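Engineer: Questions regarding the structure given below will be posed in turn.
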Amino acid sequence: MGIPKEKELKQETIRFFRLLSKYSRNNIDLFYIKNPEKRDTLRLQIATAIPYREAYTVLAKENAWWKNHRYKENVYLAPSQNQKLNIVFIDDPEDQEYYEYAFLVVQTSSQKVQAYYLLDKYLEKDKITRIQKHLQQKYKADIGSVDALHLRRIPGFTNTKYPDMPIVKIFYEATTPIFLSTSELLEDLEDNTPPRKRKQNIKSKPKSEPENDIYELWRRLYYRDKNIADIHFTYHLIKKGYSYEDIYSALFLIRGKEAKKHDLNDYIKRTYLKAKIYNLLTNDIRYNNKEFLELYRAEEQNLKGVRVIDKLESWLDKLVVRK
């Protein structure tokens, strides 16, 4: 496979900064760095304290893509000094559960990624560093990435650290991002609570657990839109190994007072399907099954009709068998 044309690389960079500017008003610094693994390496600052939305224009004026390829200069960003931040970051996580709450994942080489997480509030640098250390421990990420101002690679540029110079690219982008609760994260840190590990293959059913625990999980995933919270809640339970019947009981417990039973049955089925689709999409099925992608888009646009739902369900069953 040949190197993509510069236009394609630039489109990836535009997409990256557009996404960040959508959710954050922070400023960033831009750098060229020849050998990032060496502490005494020269940092050439391209720009300082610019908003995400202006970053692409600055890089274009610098002809940064040509310099990246010609002079093997890695291109990085870092949050600027003297500001509160609302995005936390980890580098090279080993635990594959890292993506569960990430709103953006950038692939920096064939085996490595960098993950971004949204917070519901802007926090000071020292608190961001503490949260990043918490996530670093939880997901077994690079301990060198815990600093709030840690360098991050930019999609659309080659990673010149490796002989084959892989292209840095967006690996995953959440369609409905989760905003992590800063109050709960900081409370965990104050209590010196060890990073929580997700249990696998849980056998107990949601309906046998205390109702307060079920609602508390849903509440942590809620941000402005109850329907989106339901999808993330369902996705969370699917990942933990719960059956459809268990998930139905949990959603009925939370939302049963808000709808007629007939409408709720249909709503829970659609929510379960969307969460199941989302679970499959995290495994890159969206890139190798055109017909499934078309069906997913139809469902995402809330097209109504039993035929669409039934066809989706049959395709999901086939795809699950193939895995």
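Engineer: Would you check which residues across segment 79-107 are surrounded by fewer than 22 Cβ atoms within 10 Å (Cβ to Cβ) and within 26 Å of P163 (Cβ to Cβ) and list them?
Structural biologist: D92, E94, V105, Q107 - these are the residues of segment 79-107 that are surrounded by fewer than 22 Cβ atoms within 10 Å (Cβ to Cβ) and within 26 Å of P163 (Cβ to Cβ).
Engineer: State the number of residues belonging to segment 109-129 that are in a loop (DSSP other than H, G, I, E, B) and more than 19 Å from D147 (Cα to Cα).
Structural biologist: Matching residues across segment 109-129 total 3.
Engineer: It is to be established whether one or more residues within segment 78-92 are in a helix (DSSP H, G or I) and closer than 18 Å to I33 by Cβ.
Structural biologist: Among the residues of segment 78-92, not one is in a helix (DSSP H, G or I) and closer than 18 Å to I33 by Cβ, which makes the answer no.
Engineer: Out of T48, T41, T13, report the one residue that is within 29 Å of I131 (Cα to Cα) and at pLDDT below 95.
Structural biologist: Result: T41 is the single residue among T48, T41, T13 that is within 29 Å of I131 (Cα to Cα) and at pLDDT below 95.
Engineer: Would a scan of segment 87-107 turn up a residue that is free of Cβ contacts under 8 Å to residues at least 60 places away in the same chain, assigned by TED's automatic domain parsing to the domain that holds D164 and of a type in the set (A, V, I, L, M, F, W, C)?
Structural biologist: Among the residues of segment 87-107, at least one is free of Cβ contacts under 8 Å to residues at least 60 places away in the same chain, assigned by TED's automatic domain parsing to the domain that holds D164 and of a type in the set (A, V, I, L, M, F, W, C), which makes the answer yes.
Engineer: Could you tell me whether R15 is touching a Pro at 6+ places or on another chain (Cβ under 9 Å), of a type in the set (K, R) and under 23 Å from T158 (Cβ atoms)?
Structural biologist: For R15, the condition - touching a Pro at 6+ places or on another chain (Cβ under 9 Å), of a type in the set (K, R) and under 23 Å from T158 (Cβ atoms) - is met.
Engineer: Another question, if that's okay. Under the condition of being at pLDDT below 95 and assigned to a helix (DSSP H, G or I), which residue from segment 63-77 is nearest to I90 (Cα to Cα)?
Structural biologist: Result: N68.
Engineer: Residues to consider are S24, S110; find the one that is small (G, A, S), out of contact with any Cys (no Cβ under 6 Å at 6 or more places or on another chain), touching a residue at least 40 places away in the same chain (Cβ under 8 Å) and exposed (fewer than 15 other Cβ atoms within 10 Å of the Cβ).
Structural biologist: S110
Engineer: What is the number of the single condition among (1) buried (at least 16 other Cβ atoms within 10 Å of the Cβ); (2) among the polar types (S, T, N, Q); (3) at pLDDT 95 or above that T57 does not meet?
Structural biologist: In the conditions (1) buried (at least 16 other Cβ atoms within 10 Å of the Cβ); (2) among the polar types (S, T, N, Q); (3) at pLDDT 95 or above, T57 misses (1) alone.
Engineer: What pairs can you find where one residue is in segment 137-165 and part of a strand (DSSP E or B), the other is hydroxyl-bearing (S, T, Y) and at pLDDT 90 or above, and their Cβ atoms are less than 6 Å apart, with a gap of 6+ or different chains?
Structural biologist: Between residues of segment 137-165 that are part of a strand (DSSP E or B) and residues that are hydroxyl-bearing (S, T, Y) and at pLDDT 90 or above, the close pairs are R153/T108.
Engineer: So, one more: Every residue in segment 41-62 that is assigned to a helix (DSSP H, G or I) and within 18 Å of R18 (Cα to Cα), please.
Structural biologist: Matches in segment 41-62: Y52, R53, E54, A55, Y56, T57, V58, L59, A60, K61.
Engineer: Additional query: Among the helices (runs of 4 or more DSSP H) lying completely within segment 179-285, list those that include at least 1 residues that are touching a Lys or Arg at 6+ places or on another chain (Cβ under 7 Å), of a type outside the set (K, R) and at pLDDT 70 or above.
Structural biologist: 182-190, 226-239, 244-255, 261-281
The values are calculated or read from the model by the stated rules, or taken from the named source; none is laboratory data. Note that the structure is predicted; figures quoted are calculated from it, not measured. Quick reminder, even Gly has a Cβ in these numbers, built from the backbone with ideal geometry, and neighbours come from all protein chains shown.
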